[in-house]
Amino acid sequence: MMIEDFGPRVVSVWNDLRTTTRSLVERAWQSTAGGSSMPSPRSVPYDPRADRELSRLLAALDERASEAEPAADDEPARRARRFADACADVLTQQTQSAEVFAQLIQRAHERKDYARVDALASMLAERLAPSEICELARSNNVIVRALAHEALTQMPAPLLTALLRDPIDAAVARFALERQASEFASEEAQRALRQFEDFGAEDF
């Protein structure tokens, strides 16, 4: 693998990676050859800095891959796509960042990889705190927003009830509780909404 073949932006991002981060993506490249199958979660400590580094690398690789005409004989661009897939696999295995989840979901949807979109959606509640999912529910991307709202609707009502005290997340949490109350006839959600109406956020 010759990083120089991918262009100056990829080289610049690659040179800024720590050795441990490079090793993560190199192992993914070697073991999967950039395949699109969903990886299994890694049982390693979460490294938010690696997330940020790999997110930048993924964006640079996707930009390089998109520069080539589809019919053009551009082997470096094809390899950039495979390397980007390997990078996305690593992020999928480890990320606990709302921003990175949004990036991965949007990327998978643009590629019509709906199995990956579904798999990422199923990870939201496991990997992210409720407040971070609320952040995704305010995303400018309609797919990310819809998946986040769905994840919140599946959460236990007490978790959503706690968010009603937050001035930023309250509107999103209330919407999820209203869905639980109407679509699933949740008594907990109905009770929380009644109490919120009666007492407001301050005394809730």
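When you check Gln103 against the structure, is it part of a helix (DSSP H, G or I) and at pLDDT 90 or above, yes or no? Against the criterion (part of a helix (DSSP H, G or I) and at pLDDT 90 or above), Gln103 qualifies.
Each residue in region 154-166 was checked for being closer than 24 Å to Phe101 by Cα and surrounded by fewer than 19 Cβ atoms within 10 Å (Cβ to Cβ), and 6 pass. When region 118-135 is filtered for residues that are part of a loop (DSSP other than H, G, I, E, B) and free of Cβ contacts under 8 Å to residues at least 24 places away in the same chain, only Ala129 remains. Number of residues in region 73-95 that are open to solvent by 40 Å² or more (accessible area, probe 1.4 Å) and in a loop (DSSP other than H, G, I, E, B) equals 1.
Search region 136-156 for residues that are closer than 14 Å to His109 by Cβ and pair each with any residue that is assigned to a loop (DSSP other than H, G, I, E, B) and open to solvent by less than 40 Å² (accessible area, probe 1.4 Å) when their beta-carbon atoms are under 8 Å apart and the residues are at least 6 apart or on different chains. What qualifies is Leu136/Leu128; Arg145/Ser139; Ala148/Ser139. Of the residues making up region 1-15, those that are open to solvent by 90 Å² or more (accessible area, probe 1.4 Å) and either under 22 Å from the mean Cα position of the chain (by Cα) or modelled with pLDDT of 85 or more (or both) are Glu4, Pro8, Arg9, Asn15. Ala59 - would you say it is farther than 15 Å from Met123 by Cβ, at pLDDT 90 or above and open to solvent by 20 Å² or more (accessible area, probe 1.4 Å)? Yes, satisfied.
Go through region 167-184 residue by residue and tally those that are small (Gly, Ala, Ser), open to solvent by less than 70 Å² (accessible area, probe 1.4 Å) and within 12 Å of Thr153 (Cα to Cα). Residues in region 167-184 being small (Gly, Ala, Ser), open to solvent by less than 70 Å² (accessible area, probe 1.4 Å) and within 12 Å of Thr153 (Cα to Cα): 3 in total. Listed by first and then second residue, the pairs with beta-carbon distance under 7 Å, at least 6 apart or on different chains, first residue in region 20-48 and over 17 Å from Ala80 (Cα atoms) and at pLDDT below 85, second surrounded by 14 or more Cβ atoms within 10 Å (Cβ to Cβ) and among the aromatic types (Phe, Trp, Tyr), form an empty list. Among the residues of region 118-142, those that are more than 11 Å from the chain's Cα centre (by Cα), more than 24 Å from Pro45 (Cβ to Cβ) and open to solvent by less than 50 Å² (accessible area, probe 1.4 Å) comprise Cys134, Ala137, Ser139, Asn141.
Can you tell me how many residues within region 96-117 are in contact (Cβ under 8 Å) with a residue 24 or more places away in the chain and either under 10 Å from the mean Cα position of the chain (by Cα) or surrounded by fewer than 17 Cβ atoms within 10 Å (Cβ to Cβ) (or both)?
Keep residues of region 96-117 that are in contact (Cβ under 8 Å) with a residue 24 or more places away in the chain, which gives 96-103, 105-107, 109, 113, 115-117.
Adding the requirement that they be either under 10 Å from the mean Cα position of the chain (by Cα) or surrounded by fewer than 17 Cβ atoms within 10 Å (Cβ to Cβ) (or both) leaves 96-103, 105-107, 115, 117.
So the count comes out to 13.
The values are calculated or read from the model by the stated rules, or taken from the named source; none is laboratory data. These numbers come from a predicted model, not from an experiment. Neighbour counts run over all protein chains shown; Cβ positions are idealised from the backbone, glycine included. The protein model used for the area step is the full one, side chains on, heavy atoms only, and it has no ligands, DNA or RNA in it. Shrake-Rupley method; radii C 1.70, N 1.55, O 1.52, S 1.80 Å.
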